[in-house]
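Comments concern the structure below.
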Amino acid sequence: MQNPLYIVQFGKESTRDRSRSLQVDRLTEIRVRNVEVGGVFVSLSIMKELEQVSEFRSSPELVEKLYKYSILKTYEAGSVILNENAYIRSIPIVTRGVMRVIRTEEDGREILLYYIKAGESCIMSFLGGLHNETSKVRVEVEDDAEILFLPMDKVSLFMKEHPEWLNYIFRSYHKRFEELLETINAIAFKKVDERMLSLLRKKSELTGSSTIQITHEQLATELGTARAVVSRLLKQLEEAGQVRLGRNKISLM
């Protein structure tokens, strides 16, 4: 795991700073910039994304507990936050940026399962951590991200204390199940060029840019195919005027 740029441990916030924070409207952005709290430097704590989640918006008490017990870490694109076969001690909730979830087969081939964007969590991490099992997937940062980590003991406690938290977990499970079905259908029924174009459009949608920073090898890995196949198909798409190729980047036309 790569070192985060900074760590925010909300549980160490002083009483005075805590009371000051609670004076802020619960449905507005809470920011703490470069303040040393209990020996920990707190920088740019953003709770706005949590409060945009319907289940969290309806329970300010739940948001306050997430604020109190979680750790916020910032990662650069390309960082790995969870490896396969690692034990899961906390679940991630993205507050900014995008993560991707990847599965590796025994022969070394990889396939992209789904993305996780702001306000969302990794349901596979939740299930693995809840049953004290090792991770079956690898989770990487797609776009520079701030990720809130909630310890598994609090995950279980919140399930008992807050119906909104349970609703959030169920909704996340339903969303990921539908996305996994889409992935299976794409592998079974779509050609590689169709899957590749869909993937590029998805990346563009997530990052808000028509230019995607990615190598042919990375794209091949996410599609579960060979680099030579990707390079050939990209050249065909460029000739058809659908993409423009650059050094380690692809622009949608």
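Tabulated data for the structure shown
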| read-out | value |
| --- | --- |
| Euclidean distance between Cα centres, segment 122-143 to segment 79-103, Å | 6 Å |
| Sequence of H174, H131, H162 once ranked by neighbouring C-beta atoms within 10 Å, starting from the fewest | H131, H174, H162 |
| Computed over segment 190-252: relative contact order in percent, which uses C-alpha pairs under 8 Å that are six or more apart | 34 percent |
| Estimated vicinal HN-Hα couplings, Hz - segment 223-236 in sequence order (Karplus 6.51, -1.76, 1.60; Gly, Pro = x) | 8, x, 9, 7, 4, 4, 5, 4, 4, 5, 5, 5, 4, 5 |
| Cα-based reach from K191 at 23 Å (exclusive), listing lysines while leaving out same-chain residues under 8 positions away | K202, K203, K235, K249 |
| For R103, R109, R176, order by how many other beta-carbon atoms lie within 10 Å, fewest first | R109, R103, R176 |
| Calculated from backbone phi, Karplus (6.51, -1.76, 1.60) coupling profile of segment 122-129 in Hz, x at Gly/Pro | 9, 5, 5, 5, 4, 5, x, x |
| Normalised contact order of segment 69-187, rounded percent, pairs of Cα under 8 Å and 6 or more residues apart | 37 percent |
| Tensor-based shape of segment 190-252 (alpha-carbon gyration tensor, a/c under 1.5 rounded, otherwise prolate or oblate) | rounded |
| Cα gyration tensor shape of segment 104-154, rounded if a/c is under 1.5, else prolate or oblate by comparing a/b with b/c | oblate |
| Pairs of lysines in segment 35-183 (C-alpha under 17 Å apart; 8 or more residues apart or interchain) | 9 |
| Vicinal HN-Hα couplings computed from phi for segment 52-63 (Karplus, 6.51 cos²θ - 1.76 cosθ + 1.60; Hz; Gly/Pro x) | 7, 6, 4, 5, 6, 4, 7, 9, x, 5, 5, 4 |
| Likely footprinting exposure, I91, I250, I102, fewest C-beta neighbours within 10 Å first | I102, I250, I91 |
| Rg over Rh, two decimals, segment 35-183 (C-alpha only, Kirkwood Rh) | 0.96 |
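Each value in this text was obtained by applying a stated rule to the coordinates, not by laboratory testing. Computed from a predicted structure; not experimentally measured. We place every Cβ from the backbone using ideal geometry, glycine too, and count neighbours over all the protein chains shown.
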